[in-house]
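One structure below.
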Amino acid sequence: MHPQIILHEVPKISSVQNMIIRSAGVFGNKLAIEDLRQTPIPRLLYVELLTNVLKFGSALKKLGIKRRDHVAIVSENRVQWALSYLTCMCFDFVVCPIDRNLPTNEILNILHESDSVAVIYSDQFETMLSEARPSLKHLKWYVNMDLASRQDHRYSMAELITHSAVCRVEELPKIDPTEMAEIIFTSGSLARAKGVMLSQKNLASNLMAMVSVVLIDQNDRFLSVLPMHHSYECTCGLLCPLYTGASVHYAQSLKTVVEDLQTTHATILLGVPLLYDKMFKRIHKGIQENKMKSLIVPPLLRATNLLSKFGWKASKRIVFHELHERFGGSIRLFITGGAASNPAVASGLQSFGFNMIQGYGLTETSPILALNPVQIHKDNAAGIPLPGVEIKINNPDHLGVGEIWAKGPNIMLGYYKNEKATRDVMENSWFKTGDLGYIDDDGFLHIAGRLKNVIISKRGENVYPEELEDLLLRSQFIQECMVYGEKDPKHGEVIAVQILPDAEAFIALAETENVKITDELMRETLNKEVAKTNKQVSQFKQITKIYIREHEFEKTTTQKVKRYLALKNSGITAE
């Protein structure tokens with residue numbers, strides 16, 4: 001642990017069940033979770049959350065669902081999703097959260113592969129599940145979040161809760177925290193997706209370690225925008241605030257984030273790099289398009305940076321008060337994860353007085369391995385290992401870069417019904433992340449890229465696509481890009497890039513230069529941007545082929561580009 005980092009005292013918990021019972025007792029009549037859309041259960045206080053868990057769990061038991069049975073959840077973010085998940089944790093059902101954005105065949109495949117006997121779902125999935133019911137023979141119970149009352153084989157979640165008696169806390173099953181508590185299927189095609197088995201001990205240990213590094217308390221309000229089936233949002237955006245007495249507010253949609261920040265006066269926003277990239281670009285664009293602001297803001301930034309160096313850090317929030325009010329006026333922390341963030345965006349937001357930190361982890365690690373503390377952080381680093389987590393760099397090269405291996409109480413139990421895949425990633429309790437990185441002299445972990453994405457140059461040098469992508473994305477003319485190795489008959493493997501141009505930037509360019517947007521203008525501009533990147537890297541890393549895309553890349557729910565699909569799909573114009 002870095003010597004300047006002071007760890008916070010945190011309550012000891014042994015399981016998620018233990019955490020929810022404790023929080024209901026400590027935070028009682030305080031708001032726990034809230035939907036900003038109209039739903040059957042729009043908000044719950046902490047005491048009401050526990051009461052509803054006890055009632056819903058009792059109702060599911062009465063239907064015939066037993067301890068250790070597998071229960072799937074598929075719906076958009078809402079209070080009932082959180083309630084269903086916590087009920088499974090408290091009643092010792094194994095929960096299987098499903099990505100609601102997956103194609104129908106993949107959702108059905110996960111229902112089958114997870115051995116779920118019940119599914120809790122929103123109306124959005126009613127038709128799909130009804131049509132597939134004859135083939136889902138192992139599924140015995142269908143619980144609809146939106147039904148007012150039971151219809152045929154479909155149970156109403158609201159009705160089950162309303163008509164159920166409340167069992168006493170003492171009657172809850174005794175949890176073995178080391179047993180499998182949930183199965184999370186990683187994103188990928190049917191052949192690639194693996195069911196990650198996590199225990200309540202995995203989750204509880206990660207919660208305690210995270211909060212000991214980054215202080216979160218009952219005065220905080222989280223705006224939840226990321227899909228809840230993902231371990232990043234579920235652990236950090238649901239369990240973490242409930243552990244600390246904070247409140248969770250479910251955004252109406254990604255398009256209403258700014259409006260929802262203003263409504264809730266949220267103090268913490270959990271996001272992925274793409275969200276903050278777009279946010280920063282809009283701030284930058286707003287300044288550029290306003291002549292007065294374009295003249296005033298740069299000297300103000302220089303002045304407040306100087307004042308911050310002399311200890312007056314509040315100067316930024318005071319000077320850029322209007323900008324902070326646009327985001328609700330209460331934001332104290334932007335947290336980014338799920339993919340590597342752009343250091344320029346982090347430093348840019350910080351220059352306006354916003355605190356922004358990033359963390360690193362995987363579903364298999366519950367999910368956080370490393371986190372940047374607020375008091376001492378590095379914008380270009382993933383963070384320091386959490387307390388109790390060991391990280392080592394396996395087989396480092398001459399630059400110290402190697403595969404990141406991790407060990408700790410948050411490492412998964414394995415992949416569900418896939419012992420071979422588990423053996424492939426585990427070695428003497430060390431989990432092989434598949435990510436490449438290095439640890440600097442201050443103990444901060446830096447991510448170089450994915451092992452499987454590395455391009456080997458003709459000279460045998462490693463080229464990390466993510467490094468080049470990071471540089472390219474600093475251009476206002478590039479909305480998205482993907483760097484990869486491409487076979488060339490003359491030169492072996494060369495470095496290529498697919499680029500999605502930023503339409504708004506080209507419109508602004510055309511207006512400023514009084515020119516028309518043509519294919520030639522676009523190609524010339526993007527060639528110059530790639531040339532700028534090439535000047536910043538060694539010759540063996542330089543991009544030699546450029547492809548212009550017409551459509552956005554297909555992405556995972558945490559906005560990572562699905563690289564394997566991008567290489568297959570058409571719609572790319574070659575340069």
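Against the list (1) surrounded by fewer than 17 Cβ atoms within 10 Å (Cβ to Cβ); (2) at pLDDT 85 or above; (3) under 22 Å from residue 380 (Cβ atoms), the condition residue 295 fails is (3).
Answer yes or no: is there a residue in the range 488-499 that is surrounded by fewer than 17 Cβ atoms within 10 Å (Cβ to Cβ) and aliphatic (A, V, I, L, M). Looking for residues that are surrounded by fewer than 17 Cβ atoms within 10 Å (Cβ to Cβ) and aliphatic (A, V, I, L, M), one finds none in the range 488-499, hence no.
Table: residues versus (1) crowded, with 24+ Cβ neighbours inside 10 Å; (2) at pLDDT 95 or above; (3) small (Gly, Ala, Ser).
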{"position": "346", "(1), (2), (3)": "yes, no, yes"}
{"position": "349", "(1), (2), (3)": "no, no, no"}
{"position": "352", "(1), (2), (3)": "no, no, no"}
{"position": "367", "(1), (2), (3)": "yes, yes, no"}
{"position": "374", "(1), (2), (3)": "no, no, no"}
{"position": "377", "(1), (2), (3)": "no, no, no"}
{"position": "380", "(1), (2), (3)": "no, no, no"}
{"position": "384", "(1), (2), (3)": "yes, yes, no"}
{"position": "387", "(1), (2), (3)": "no, yes, no"}
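Taking into account only those residues within the range 243-269 that are in a loop (DSSP other than H, G, I, E, B) and without any contact (Cβ under 8 Å) to a residue 40 or more places away in the chain, which is nearest to the chain's Cα centre (by Cα)? The qualifying residue nearest to the chain's Cα centre (by Cα) is 253.
The single condition among (1) within 30 Å of the chain's Cα centre (by Cα); (2) not in a strand (DSSP E or B) that residue 547 does not satisfy is (2). Remark: pairs (first residue in the range 83-107, in contact (Cβ under 8 Å) with a residue 40 or more places away in the chain; second residue acidic (Asp, Glu) and assigned to a strand (DSSP E or B); Cβ separation under 6 Å; 6+ apart in sequence or on different chains) = 95/182.
Inside the range 311-372, counting only helices (runs of 4 or more DSSP H) that do not spill past its ends, which hold 3 or more residues that are touching a strand residue (DSSP E or B) at 6+ places or on another chain (Cβ under 7 Å)? Steps first, answer last, please.
Details: elements: 314-319, 321-326, 343-351.
By residue number, 343-351.
Residues in the range 312-341 that are at pLDDT below 80, closer than 30 Å to residue 360 by Cβ and exposed (fewer than 13 other Cβ atoms within 10 Å of the Cβ): 0 in all.
I need the full set of residues from the range 129-149 which are in contact with a Ser or Thr (Cβ under 7 Å, 6 or more places away or on another chain) and either hydroxyl-bearing (Ser, Thr, Tyr) or at pLDDT 95 or above (or both), in order please. Working first, answer last.
Initially, the range 129-149 is screened for residues in contact with a Ser or Thr (Cβ under 7 Å, 6 or more places away or on another chain), giving 139, 144-149.
Hits for the range 129-149 are 139, 144, 145, 146, 147, 149.
The set of residues in the range 151-173 being surrounded by 13 or more Cβ atoms within 10 Å (Cβ to Cβ), closer than 25 Å to residue 104 by Cβ and over 31 Å from the mean Cα position of the chain (by Cα) consists of 154, 155. Output the residues belonging to the range 18-37 that are in a helix (DSSP H, G or I) and either crowded, with 21+ Cβ neighbours inside 10 Å or among the polar types (S, T, N, Q) (or both). Across the range 18-37, the qualifying residues are 18, 19, 20, 23, 24. Among the candidates 528, 516, the residue that is under 30 Å from residue 455 (Cα atoms) and either of a type in the set (Lys, Arg) or loosely packed, with under 14 Cβ neighbours inside 10 Å (or both) is uniquely 528. Of the residues making up the range 489-507, those that are over 23 Å from residue 538 (Cα atoms) and in contact (Cβ under 8 Å) with a residue 12 or more places away in the chain are 500, 501, 502, 503, 504, 505, 506.
Flag set for residue 425, criterion: closer than 26 Å to residue 372 by Cβ and among the hydrophobic types (A, V, I, L, M, F, W, C). Among the numbered criteria (1) assigned to a loop (DSSP other than H, G, I, E, B); (2) in contact with a Pro (Cβ under 9 Å, 6 or more places away or on another chain); (3) assigned by TED's automatic domain parsing to the domain that holds residue 61, which one does residue 166 miss? For residue 166, the exception is condition (2). Only one of the numbered conditions (1) part of a helix (DSSP H, G or I); (2) aliphatic (A, V, I, L, M); (3) crowded, with 23+ Cβ neighbours inside 10 Å is not met by residue 223, and that is (1).
When the residues of the range 38-49 are filtered to those that are farther than 18 Å from residue 120 by Cβ and in contact with a strand residue (DSSP E or B) (Cβ under 9 Å, 6 or more places away or on another chain), which remaining residue is surrounded by the most Cβ atoms within 10 Å (Cβ to Cβ)?
Narrowing the range 38-49 to residues farther than 18 Å from residue 120 by Cβ: 38, 43, 45-48.
Subset that is in contact with a strand residue (DSSP E or B) (Cβ under 9 Å, 6 or more places away or on another chain): 43, 45-48.
Details: 43: 17, 45: 18, 46: 23, 47: 16, 48: 18.
Of everything passing the filter in the range 38-49, 46 is surrounded by the most Cβ atoms within 10 Å (Cβ to Cβ).
Within the bounds of the range 78-87, is there any residue that is surrounded by fewer than 21 Cβ atoms within 10 Å (Cβ to Cβ), modelled with pLDDT of 95 or more and in contact with an Asp or Glu (Cβ under 9 Å, 6 or more places away or on another chain)? No, the range 78-87 contains no residue that is surrounded by fewer than 21 Cβ atoms within 10 Å (Cβ to Cβ), modelled with pLDDT of 95 or more and in contact with an Asp or Glu (Cβ under 9 Å, 6 or more places away or on another chain).
The values are calculated or read from the model by the stated rules, or taken from the named source; none is laboratory data. Keep in mind that what you see is a predicted model, and the values were worked out from it rather than measured. All Cβ positions, even for glycine, are placed from backbone atoms using ideal geometry, and neighbour counts span all protein chains on display.
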